[in-house]
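A.B. asks: Sharing a structure below in structure tokens format, with a few things to ask.
The values are calculated or read from the model by the stated rules, or taken from the named source; none is laboratory data. These numbers were taken from a predicted model, which means no experiment stands behind them. Cβ: placed from backbone, ideal geometry, glycine included. Neighbour counts: every protein chain shown. Quick note on the areas: whole protein, heavy atoms, side chains included, nothing else; ligands and nucleic acids left out. Shrake-Rupley method; radii C 1.70, N 1.55, O 1.52, S 1.80 Å.
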Amino acid sequence: MKRAGRRLLLVPPLLVGVAIAVWIVGNRPQPEREVADEASRMLRIIEVPVVDVLPQVVGYGTATPGKTWQAVAQVDGQIVEVHPELESGSFVSKNQLLLKIDPTEYQYAVAQLEAEILQAKALIEELTRTEENLQASLKIEREALSVTQREMERSEQLLARDAISQTDVDAQQRSVLTQQQRLQEQTSALNLLPARKLSQQANLELKQAQLAQAQLDLKHTEIRAPFDCRLGTVTLDVDQYVGTGQSLFEAYSNDLVEVEAQTPMREVRRLIRNPTGRAALEEITMQRVRDIFDVQAIVEMASTDIPARWSARFMRVRESLDPQTRSLSMVVGVDDPYEQVVPGVRPPLLQGTYCRVTFTGQAWPGQVIVPRHALHDGHVYVLDGEQRLRRQLVEVEFQQGEFAVISSGLVGGETLVVSDPRPAIAGMLVEPVTDHPLRERLIAGARGTDAGSPPPLPEQRRSEVEGSEVEGSEVEGSEVEGSDVEGSEVGGSDD
């Protein structure tokens, strides 16, 4: 009983202590809460430009002469004369005598035929005079027959009166028959003359044709340049015998060089702008084809150590695709390549030169462009108004050089991230650094004003993009490394 009372005495103090402890804990000052600042990433950005894009396509091919002349012997004979410059690589002028075959035999043939023609003409003249003589004789014979017939009639009258004998009448009858026979002979001779004249005329024309052939053969003993040209391989000399149909040498025109450039079919279509979507050619002519391919062309030596360039004109498109590469052959022509030679700067465009041809089409106005390396499997990264990262789906019209033309998803003016944001977290805060040189380079490339230079060679493009993206950047290397030149983000196809 005493113990229970003691326990009850201890309860109030405990309750008081607990209450005091609760009061102290509840009324003590709370510690101040510190809010950590949100981390941001420094990324390069540009404002998405809208420009007029000049489409360009690059093809490669070998230079060939616009015209090739194969000199062939058209007559047999021994070479008696050659031009002193008849050597491989020499330049010769139009109508210049290059080679002469012994003409003696052909001169004899011409002289003989000329004599035979004179003889045939004389025979025709003789027949003409004979015809005139026979016609005159025939007239006389007809008059003589008329006289004998009248005598015959008088004789018959006298015989009826028994004034003459039958013998006299018979004699007169024989005179009439004799005169008729002579008239018939003259008439027959005259009738045969047209056939004889026709035969002689045919013979004359045959001789004249033979003379023309002989004169042509005589002309073919001299081989002259058909146009201003440069000689190919020549292995001829005086006293050498050549036969009809023998190939002598080749020569190439100086006024035109053609390059048949192989271009990817999928890229060529960007050169053909057809906003109306009109279909077929109403009339298929070469001029119509040239109007469709309204392009300018620049030909360059594919060798990087010779920066020679020539303006070229579009000429035609080959009739079929290359069966192996599925590429289209577009032929351009460089006019007067030798007149454009600048010693030490621009060499002649020689046959067999491997060339790069840059085709530039008509401008596509108001196109949205982005750097190729800013594409990430069908989307790009942009910043919203709070400088936070956002993923934006886009569709690409085509890619060219360092940029891509966007058909939908961007309208221009957006803040585009051009660094690789990986790991890319939607909504993460970005500290933007504007890359002005990149934007200016994109615009210049799209307008075709980048120092007048065509797109770089495929093997150069990777290294140039890599160097251009790193140089002048204000971001840390860890943010740029591997982002601007990775093949998966640049994209290997132009369409």
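A.B. asks: Give me the pairs: first residue in the range 209-227 and over 13 Å from Gly77 (Cα atoms) and touching a residue at least 40 places away in the same chain (Cβ under 8 Å), second residue assigned to a strand (DSSP E or B) and of a type in the set (Phe, Trp, Tyr), beta-carbon distance under 8 Å, and six or more apart or on different chains, which are they?
C.D. replies: Sorted first by the residue in the range 209-227, then by its partner, the pairs are Ala225/Trp69; Pro226/Trp69; Phe227/Trp69.
A.B. asks: Among the residues of the range 131-149, is there at least one that is under 23 Å from Arg196 (Cα atoms) and among the hydroxyl-bearing types (Ser, Thr, Tyr)?
C.D. replies: yes
A.B. asks: Can you tell me which residue in the range 422-445 is farthest from Pro49 (Cα to Cα), limited to those that are crowded, with 20+ Cβ neighbours inside 10 Å and either over 31 Å from the mean Cα position of the chain (by Cα) or of a type in the set (Val, Ile, Thr) (or both)?
C.D. replies: Val430
A.B. asks: Among the residues of the range 51-69, write down those that are charged (D, E, K, R) and in a loop (DSSP other than H, G, I, E, B).
C.D. replies: Scanning the range 51-69 gives a single hit, Lys67.
A.B. asks: If you take the residues of the range 378-415 that are touching a Lys or Arg at 6+ places or on another chain (Cβ under 7 Å) and over 17 Å from Thr434 (Cα atoms), which of them is most open to solvent (accessible area, probe 1.4 Å)?
C.D. replies: Taking the candidates together, the pick is Glu402.
A.B. asks: Suppose the filter is open to solvent by 40 Å² or more (accessible area, probe 1.4 Å), of a type in the set (Val, Ile, Thr) and in a helix (DSSP H, G or I); does Thr128 pass it?
C.D. replies: no
A.B. asks: Before we move on, is Gln210 out of contact with any helix residue (DSSP H, G or I) (no Cβ under 6 Å at 6 or more places or on another chain) and at pLDDT 80 or above? Walk me through it before giving the result.
C.D. replies: Details: out of contact with any helix residue (DSSP H, G or I) (no Cβ under 6 Å at 6 or more places or on another chain): no; at pLDDT 80 or above: yes.
No, not satisfied.
A.B. asks: Would you mind stating whether Gln181 is assigned to a helix (DSSP H, G or I) and surrounded by 14 or more Cβ atoms within 10 Å (Cβ to Cβ)?
C.D. replies: Answer is no for this residue.
A.B. asks: Now, a different point. Checking Pro343 against (1) free of Cβ contacts under 8 Å to residues at least 40 places away in the same chain; (2) more than 30 Å from Ile298 (Cβ to Cβ); (3) of a type outside the set (Lys, Arg), which test does it fail?
C.D. replies: (2)
A.B. asks: Residues of the range 77-104 being surrounded by fewer than 17 Cβ atoms within 10 Å (Cβ to Cβ) and not small (Gly, Ala, Ser), which ones?
C.D. replies: Scanning the range 77-104 gives Gln78, Val80, Glu81, Pro84, Glu85, Glu87, Phe91, Lys94, Asn95, Gln96, Leu97, Thr104.
A.B. asks: Filter the range 348-360 down to the residues that are touching a strand residue (DSSP E or B) at 6+ places or on another chain (Cβ under 8 Å) and either without any contact (Cβ under 8 Å) to a residue 12 or more places away in the chain or surrounded by fewer than 20 Cβ atoms within 10 Å (Cβ to Cβ) (or both) and list them by number. Show your work before the answer.
C.D. replies: First, the residues of the range 348-360 that are touching a strand residue (DSSP E or B) at 6+ places or on another chain (Cβ under 8 Å): 349-360.
Within the range 348-360, Leu350, Gln351, Gly352, Tyr354, Thr360 qualify.
A.B. asks: May I pose another question? Scan the range 48-74 for residues that are among the charged types (D, E, K, R) and farther than 30 Å from Val394 by Cα and jot them down.
C.D. replies: Lys67, the sole residue that qualifies.
A.B. asks: Also, quick follow-up: Among the residues of the range 260-272, is any over 30 Å from Gln400 (Cα atoms) and open to solvent by less than 50 Å² (accessible area, probe 1.4 Å)?
C.D. replies: Scanning the range 260-272 turns up no residue that is over 30 Å from Gln400 (Cα atoms) and open to solvent by less than 50 Å² (accessible area, probe 1.4 Å).
A.B. asks: Could you go through the range 32-42 and let me know if any residue there is within 30 Å of Asp435 (Cα to Cα) and at pLDDT 90 or above.
C.D. replies: Yes, the range 32-42 has at least one match.
A.B. asks: Of the residues in the range 369-420, how many are assigned to a loop (DSSP other than H, G, I, E, B), among the aliphatic types (A, V, I, L, M) and closer than 18 Å to Arg266 by Cβ?
C.D. replies: Selection size over the range 369-420: 1.
A.B. asks: For the range 216-257, please list each of the strands (runs of 3 or more DSSP E) lying entirely inside it that holds at least 3 residues being surrounded by 16 or more Cβ atoms within 10 Å (Cβ to Cβ).
C.D. replies: In the range 216-257, 229-231, 247-253 are the strands (runs of 3 or more DSSP E) which contain 3 or more residues that are surrounded by 16 or more Cβ atoms within 10 Å (Cβ to Cβ).
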